[in-house]
Amino acid sequence: MQDVHEIVLGDVTVARVEEMHGPIMPADQFFPDLPEQAWKDHRDTLVPDHLGAEDAMVITAMQTWVVRSAGRTILIDTGVGNDKTRPVAESWDHLSLDYLGNLARAGVRPEDVDLVINTHLHLDHIGWNTRLVDGDWVPAFPNATYLMPKVDVDYWNPANNPNIVGGINENAFEDSIAPVLAAGQVQLWETSHAIDANLRLETAPGHTPGASVVMLASGGDRALFAGDIMHTPLQVTHPDHSSCFDLDPDQSRTTRLRLLGWAADNNALMLPAHFSGHSALEVVNTGSGFAIKQWGPLPRY
Ligand SMILES: [Zn+2]
């Protein structure tokens, strides 16, 4: 059933299934090198969907893009997940949210999912890769192939990188990646990967070493599932500023400027992972930076 919750891009439909949204961090801590005044200057654009009116907290969403393309049901990013032990990220510790109910309202049962794409392997993009069944983590989408960037699979494996323990992704490899690898459901990719005639994965490093985006080209339509190249619409007008979550801020800036430029040049709809509110947007190149052209209408499930 086509309804107002879906947008059509060429031969592809896109819906947004939200896990949650809300305040995540005080604005003055979000960018190490951007004065708080920048948030105040763009208050009219940012409040209430991206910035709290009273408390100046940055507001973000955790959400999945449900993409139907070439006969397949595809999920892009899987949120934080339920029941996960997250000692460093306390607000995401042992969640119990009705994400699967939201997915069902979008017409997707777990067994219907053909492909899961993790744009990168931070804990808030892989959570619903698995769910807890009788004390074991099992793939939440039993019939799906999971596409993961090989660079991130290597990087976030504590066996390769002992610093993971005690960091933000503590336990995430063990509960959200390893069980899918063990089930034989992971397909690793590097550099670029053609998903089908409409969609392809491209590397977009900086936020994490293996971070990626999904580019859509179908008919005359173009779109960019932008992952975490940006975390707030303030980075459209201030694209030089990388958030405190970016592991390589300089590389993140280069990637963000390149992809904002591509989106502006191609009239592409941008769908960043964490933008709340209308969530999808078109941008224009102003010569000295970028500006929001318009928000795409994409209500949440
Ligand atoms: Zn993220």
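The values are calculated or read from the model by the stated rules, or taken from the named source; none is laboratory data. All values reported here derive from a predicted model rather than from experimental measurement. For neighbour counting, all protein chains shown are included, and Cβ atoms are generated from backbone atoms with ideal geometry for every residue, glycine included.
So which residues in region 276-291 are surrounded by 16 or more Cβ atoms within 10 Å (Cβ to Cβ), closer than 20 Å to Phe31 by Cα and modelled with pLDDT of 95 or more, if there are any at all?
Once the filter is applied, which keeps residues that are surrounded by 16 or more Cβ atoms within 10 Å (Cβ to Cβ), closer than 20 Å to Phe31 by Cα and modelled with pLDDT of 95 or more, region 276-291 yields only Phe290.
Is there any pair with a first residue in region 140-156 that is touching a residue at least 60 places away in the same chain (Cβ under 8 Å) and a second that is surrounded by fewer than 17 Cβ atoms within 10 Å (Cβ to Cβ) and among the hydroxyl-bearing types (Ser, Thr, Tyr) whose Cβ atoms are under 8 Å apart and which are 6 or more apart or on different chains, and what are they?
From region 140-156, no pairs qualify.
Suppose we filter region 220-249 for residues that are in a strand (DSSP E or B) and of a type outside the set (Phe, Trp, Tyr); how many remain?
6
Quick one: in region 248-261, which of the residues that are touching a residue at least 40 places away in the same chain (Cβ under 8 Å) and crowded, with 16+ Cβ neighbours inside 10 Å is farthest from Phe290 (Cα to Cα)? Let's see the steps before the verdict.
Residues of region 248-261 that are touching a residue at least 40 places away in the same chain (Cβ under 8 Å), as a first pass: 248-256, 259.
Add one more test, that the residue is crowded, with 16+ Cβ neighbours inside 10 Å, and what stays is 248-249, 251-253, 255-256, 259.
Details: Asp248: 22, Pro249: 19, Gln251: 19, Ser252: 16, Arg253: 13, Thr255: 14, Arg256: 11, Leu259: 11 Å.
So the residue we want is Asp248.
Any idea which residue in region 261-283 is nearest to Met62 (Cα to Cα), counting only those that are more than 16 Å from the chain's Cα centre (by Cα) and not in a loop (DSSP other than H, G, I, E, B)?
Glu282
Can you go through Ala140, Ala223 and tell me which one is more than 17 Å from the chain's Cα centre (by Cα), crowded, with 22+ Cβ neighbours inside 10 Å and of a type in the set (Gly, Ala, Ser)?
Ala140
In this structure, does Ala217 turn out to be part of a strand (DSSP E or B), among the hydrophobic types (A, V, I, L, M, F, W, C), touching a residue at least 12 places away in the same chain (Cβ under 8 Å) and more than 29 Å from Gln37 (Cβ to Cβ)?
Taking the combined requirement at face value, the residue satisfies it.
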